[in-house]
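The next block holds one structure in the form of structure tokens; read it before the comments.
Nothing in this text is a laboratory measurement; each read-out follows from the coordinates by a stated rule. Just so it is clear, the structure is predicted and the values come from calculations on it, not from any experiment. Because the Cβ atoms are built from the backbone with ideal geometry, glycine has one as well, and the counts that use them run over all protein chains shown.
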Amino acid sequence: MLHTLHSDALSVELRALGGALNRVVTRDASGGTDLVLGHADDAHRAASTAYLGALVGPVANRIAGGRFVLDGHEHQLARNDRGNTLHGGPDGFSTRRWTFVEAGPDAATLALAWADPAGGMPGRFAASVTYRLRGPELSHAIAVATDTPTLAAPCLHPYFNLAGAGTIHDHILSVRAGRVVFTDATSLPAGDPVAVAGTPFDLRGGVRLGDVMAADHPQIAAAAGLDHAYLLDPGDGPAATLTDPASGRRVEVWTDQPSIQVFTGVTLSGDTAGLGGTPYPAFGGVALEAQQVPNAANRPEFGSIRIDADHPFRSTTRYLFTLV
Ligand code: GAL
């Protein structure tokens, strides 16, 4: 099941499987350029481990050891990534078929009733995501309600490649973040947030991604690029801006979330087929994931991700494209 939104600038394809943003295509004389990575069919999406444009949850990124303590009770989740629980675990939001409850020309809402007692997450969840397209601006509003205290920190997981093909080495990325979280050998946040000033992690002024990925830094070597949570600074303007200098195309990310995970996509080449019928190359897209800080489940200083019957999760992120 799929649905397409249209504006004068863009066509946006949504998929029931994973509540996913599967395509964003320009509507221009060239016949259209794909701006995000997606899959040609659900079979490839179901077999993928890349979460291309998927709505991941209930808790995005990693929970250390799949364990957390909530209201004095320890919970053990199913683990699916080197001993940790990643992106909601093996049966997370992105593995399910969402239902289109509204599907108009420029807005659509998908809903999901989710529970995973076998996977260990307490609660019955009611999740929804509303995508809206207005000219060159696409937004998504995520809401997650529960019947019992539990954790929720979902996010959309879009990978951008504004050139429509090739790799993102020549893209320029800026992120309004003075701190980043380094990771251990399992990509789990480790240690205190680190100031980016004077390091290759400083993206505030806009940097060519190929230069960052080639920088001599043990964290960049270990991740074969970036796979790190940037802690957003307060301020005006977009949280992140990605530009393809060759085409002049650009996307600004505006969000109410406290962090953006930047993943430069080293593992994409090993994934299932993309929109073009073959896997994307390594570094074929950069994921910009507006989310709560990874492993907040075990790091109270990263902010609470507890929800209960009276306090649902809500967040909105907007992507403002400049097309030339
Ligand atoms: C990212 C995560 C990466 C990798 C990717 C999916 O969000 O940070 O480590 O798991 O998703 O392949």
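Listed here are the residues, each with its yes/no results for (1) part of a helix (DSSP H, G or I); (2) not hydroxyl-bearing (Ser, Thr, Tyr).
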position	(1), (2)
85	no, no
91	no, yes
94	yes, no
102	no, yes
109	no, no
Residue in segment 278-287 that is surrounded by the most Cβ atoms within 10 Å (Cβ to Cβ), counting only those that are away from the ligand (no atom under 12 Å from the Cβ) and within 13 Å of residue 48 (Cα to Cα) = 279
Picking from 303, 265, 274, which residue would you name as being surrounded by 23 or more Cβ atoms within 10 Å (Cβ to Cβ) and at positive phi?
-> 265
Subset tally (residues that are in a strand (DSSP E or B) and either more than 16 Å from the ligand (Cβ to nearest atom) or surrounded by fewer than 16 Cβ atoms within 10 Å (Cβ to Cβ) (or both)) for segment 243-262 | 7
Taking segment 1-60 and keeping only residues that are within 14 Å of the ligand (Cβ to nearest atom) and under 30 Å from residue 308 (Cβ atoms), one is left with 18, 20, 51, 53, 54, 55, 56, 57, 59, 60
Evaluate segment 95-102: report whether one residue or more is crowded, with 20+ Cβ neighbours inside 10 Å, within 20 Å of the chain's Cα centre (by Cα) and farther than 14 Å from residue 15 by Cβ.
-> no
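Being of a type in the set (Gly, Ala, Ser) and touching a residue at least 40 places away in the same chain (Cβ under 8 Å) is the requirement here; does residue 174 meet it?
Values: of a type in the set (Gly, Ala, Ser): yes; touching a residue at least 40 places away in the same chain (Cβ under 8 Å): yes.
Judged against the criteria, residue 174 is a match.
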Can you tell me how many residues in segment 131-157 are more than 20 Å from residue 102 (Cβ to Cβ) and among the acidic types (Asp, Glu)?
-> 1
Please work out which one of (1) more than 16 Å from the ligand (Cβ to nearest atom); (2) outside any loop (DSSP other than H, G, I, E, B); (3) within 28 Å of residue 138 (Cα to Cα) is the condition residue 173 fails and give its number.
-> (1)
Report, by residue number, each residue of segment 51-69 that is under 21 Å from residue 118 (Cα atoms) and either out of contact with any Cys (no Cβ under 9 Å at 6 or more places or on another chain) or surrounded by fewer than 22 Cβ atoms within 10 Å (Cβ to Cβ) (or both).
-> 58, 59, 62, 63, 64, 65, 66, 67, 68, 69
Does segment 103-114 contain any residue that is farther than 21 Å from residue 4 by Cα, aliphatic (A, V, I, L, M) and without any contact (Cβ under 8 Å) to a residue 40 or more places away in the chain?
-> yes
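Can you tell which of 273, 224, 297, 239 is away from the ligand (no atom under 12 Å from the Cβ) and over 29 Å from residue 136 (Cα atoms)? Explain how you work it out, then say what you get.
Numbers: 273 fails: over 29 Å from residue 136 (Cα atoms); 224 fails: away from the ligand (no atom under 12 Å from the Cβ); 239 fails: over 29 Å from residue 136 (Cα atoms).
Selected residue: 297, the only one of 273, 224, 297, 239 that is away from the ligand (no atom under 12 Å from the Cβ) and over 29 Å from residue 136 (Cα atoms).
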Working only within segment 181-199, note down all residues that are within 26 Å of residue 80 (Cβ to Cβ), surrounded by 11 or more Cβ atoms within 10 Å (Cβ to Cβ) and out of contact with any strand residue (DSSP E or B) (no Cβ under 7 Å at 6 or more places or on another chain).
-> 184
Sole exception among (1) in contact with a Phe, Trp or Tyr (Cβ under 9 Å, 6 or more places away or on another chain); (2) surrounded by 19 or more Cβ atoms within 10 Å (Cβ to Cβ); (3) under 26 Å from residue 281 (Cα atoms); (4) of a type outside the set (Val, Ile, Thr) for residue 16, by number | (2)
